[in-house]
Amino acid sequence: MKESGQQRFLDLFGKGPVGLAPMAGFTTPPFRTIAAREGADFTVTELVSAKGIRYDPSLKRSARYLQATGGDKPWAIQLFGQDPPDFAYAIDRLLSDPLYSQVAFIDLNMGCPAPKVTREGAGCALMRDPSLAEAIVSASVEAAAPYAKPVTAKIR
């Protein structure tokens, strides 16, 4: 009997949570809703600028990226940037808001290779500066701690 692709995956990795990895331009709210409906255990937003949140605390520019995924599946917000205080501010701003405090976790983008992200020292450019990456993680974990939200990082 031929083994299904799903069964081979389960044999290799076990039955753990399967999430929809964030990708700019693709993991829009409707796509995340479909992925959750079709079996993703959790979804993550497209990358959202930590600096953008700091300079637009009303979230008018970021709101379209920050929409919750439909249904009862966990979802997370992914932030990018290169300034630890921007991350701390953005996380506190988001998690203190009843609309966004429902997120399961905060994800830090340290993997985006897009030139418009890396030329600012963000995304995968952070891998060239481990001390800055560490400072961003520390500031983010500290900001999320009062809300009991874990922080993860996307790295390539």
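What follows draws every value from the coordinates through simple rules; no lab data is involved. What you are looking at is a predicted structure, and each value in this text was computed from that prediction instead of being measured. Because the Cβ atoms are built from the backbone with ideal geometry, glycine has one as well, and the counts that use them run over all protein chains shown.
From the square roots a ≥ b ≥ c of the eigenvalues of the alpha-carbon gyration tensor of region 55-124, which class results: rounded (a/c under 1.5), prolate (a/b over b/c), or oblate? Before the final figure, lay out each step's value.
On the way: a/c = 1.96, a/b = 1.51, b/c = 1.29.
Prolate, because a/c is 1.5 or more and a/b exceeds b/c.
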At a Förster radius of 35 Å, what calculated FRET efficiency corresponds to the Cβ-Cβ distance of GLU120 and LEU99, to the nearest 0.05? 0.80
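Taking the square root of 5 times each eigenvalue of the Cα gyration tensor, what semi-axes in Å does the equivalent ellipsoid of the chain have, largest first? Walk me through the numbers on the way to the answer.
Working: eigenvalues 148, 71, 43 Å².
Over the Cα atoms of the chain, the semi-axes work out to 27, 19, 15 Å.
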Taking H placed 1.01 Å from N in the peptide plane, check which residues at least 5 places from TYR65 or on another chain put their amide H under 5 Å from its amide H. none
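What is the fewest-to-most order of ASP72, ASP107 by other Cβ atoms lying within 10 Å of their Cβ? Walk me through the numbers before you get to the answer.
On the way: ASP72 6, ASP107 25.
Listing ASP72, ASP107 from fewest to most nearby Cβ atoms yields ASP72, ASP107.
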What residues have an amide H closer than 5 Å to that of THR43, excluding those fewer than 5 places away on the same chain, when H is modeled at 1.01 Å from N in the peptide plane? LEU20, TRP75, ALA76
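Given a cut-off of under 8 Å on Cα pairs at least six residues apart, what relative contact order in percent is computed for region 17-155?
Numbers: 261 pairs, mean separation 29.5, N = 139.
Once normalised by length, the contact order is 21 percent.
Quickly estimate the mean residue ellipticity at 222 nm for the chain, helices only: each DSSP H run with n ≥ 4 gives -39500 (n - 2.57), and the total goes over all residues, rounded to 500. Kindly include the intermediate steps, with their values, before the conclusion.
Working: 6 runs with 55 residues, N = 156.
Estimated from H runs of four or more residues: -10000 deg cm²/dmol.
About the Cα centre of the chain, how large is the charge dipole given +1 on each Lys and Arg Cβ and -1 on each Asp and Glu Cβ? Please answer in debye to the nearest 20.
Details: 18 positive and 16 negative charges, 88 e Å.
Rounded to the nearest 20 debye, it is 420 debye.
Neighbour counts of other C-beta atoms within 10 Å: give me VAL151, VAL141 arranged from fewest to most. Spell out each step's value before the answer.
Details: VAL151 22, VAL141 17.
Listed from fewest to most nearby Cβ atoms, that is VAL141, VAL151.
What list do you get for ARG156, ARG32 if you sort them by fewest beta carbons within 10 Å? Before the final figure, lay out each step's value.
Values: ARG156 9, ARG32 26.
Ranked by crowding around the Cβ, least crowded first: ARG156, ARG32.
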